[in-house]
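Presented below is the structure to which this report refers.
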Amino acid sequence: MKKKAVFLDRDGVINIDTSYIKSPDELTLYPFSAQAIKQLNKAGYIVVVVTNQSVIARNMCTEHTLGLIHKKLEIELKKEDAYINKLYYCPHHPDGDRENKDNPYVKECECRKPKAGMLFQAKEDFNIDFSESFMVGDSECDIQAGITAGVKTIGVKTGNAVKGKIKPDYIVKDLLEAIKIILK
């Protein structure tokens, strides 16, 4: 049986976007994030985070440290009985760390948003019905990934505030407001 899902960008949607988050100490959730995600959990949605993390390609953070950042996210959500089913991240960037020519993360890939590779991987992993699913993001690349995948798109005014030419299906104040649209 196909499942419905909500894809969430991380920085600017779930947590305050402070440019490049390089350590767990730099991750601060918005006060409404756990409550919003908990509502999705209760409503039976698969909750998937899809996040570009060029800090790896830029050699600003290791994958181990990124794992610790994501562990903190998980712990903070769990404090309020909320959870993410899976978190996918893209460690690549075509420019990345120009100093280190042997960096394997400096490349073009299919997972980096605005491409929809992470969404397609989640669809396969969880048997997701894109026609019943949503992408919530704060940037043009988040919205483009959702459009490419064929899910409904919601832009939030937190973080990068969805500036640009590509328009989502809905624009709302924040993740909590996005959940109201999703649950209608």
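Restricting the first member to segment 14-43 and to residues that are within 16 Å of residue 76 (Cα to Cα) and of a type in the set (Asp, Glu), and the second to residues that are open to solvent by less than 70 Å² (accessible area, probe 1.4 Å) and in a helix (DSSP H, G or I), the beta-carbon pairs closer than 8 Å and six or more apart or on different chains are 26/69.
Put simply, of 80, 99 the only residue that is touching a residue at least 12 places away in the same chain (Cβ under 8 Å), surrounded by fewer than 18 Cβ atoms within 10 Å (Cβ to Cβ) and within 19 Å of residue 54 (Cα to Cα) is 99. With respect to the conditions (1) more than 19 Å from residue 148 (Cβ to Cβ); (2) hydroxyl-bearing (Ser, Thr, Tyr); (3) crowded, with 18+ Cβ neighbours inside 10 Å, residue 65 falls short on a single one, namely (3). For segment 154-171, a residue qualifies if it is open to solvent by 60 Å² or more (accessible area, probe 1.4 Å) and over 14 Å from the mean Cα position of the chain (by Cα), and the qualifying residues are 157, 163, 165, 167, 169, 170, 171. One residue alone among 44, 12 is under 13 Å from residue 159 (Cβ atoms) and either open to solvent by 10 Å² or more (accessible area, probe 1.4 Å) or not hydrophobic (A, V, I, L, M, F, W, C) (or both), and that residue is 12.
Yes/no matrix, rows are residues, columns are (1) open to solvent by 70 Å² or more (accessible area, probe 1.4 Å); (2) touching a Cys at 6+ places or on another chain (Cβ under 8 Å); (3) of a type in the set (Gly, Ala, Ser); (4) under 18 Å from residue 141 (Cα atoms):
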{"site": "18", "(1), (2), (3), (4)": "yes, no, no, yes"}
{"site": "38", "(1), (2), (3), (4)": "no, no, no, no"}
{"site": "53", "(1), (2), (3), (4)": "no, yes, no, yes"}
{"site": "59", "(1), (2), (3), (4)": "yes, no, no, no"}
{"site": "107", "(1), (2), (3), (4)": "yes, no, no, yes"}
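Answer with yes or no whether residue 160 is modelled with pLDDT under 95, touching a Ser or Thr at 6+ places or on another chain (Cβ under 7 Å) and farther than 13 Å from residue 5 by Cα. When the stated conditions are applied, residue 160 passes them. Looking only at residues in segment 133-153 that are part of a strand (DSSP E or B) and touching a residue at least 60 places away in the same chain (Cβ under 8 Å), which one is farthest from the chain's Cα centre (by Cα)? Applying the filter and picking the extreme gives 134.
The values are calculated or read from the model by the stated rules, or taken from the named source; none is laboratory data. What you see is a predicted model, and the numbers here were worked out from it, not measured in a lab. Neighbour counts are summed over all protein chains in view; Cβ atoms, including those assigned to glycine, are modelled from backbone coordinates with ideal geometry. Just the protein is used for accessible areas: all its heavy atoms, side chains included, with ligands, DNA and RNA removed. Shrake-Rupley method; radii C 1.70, N 1.55, O 1.52, S 1.80 Å.
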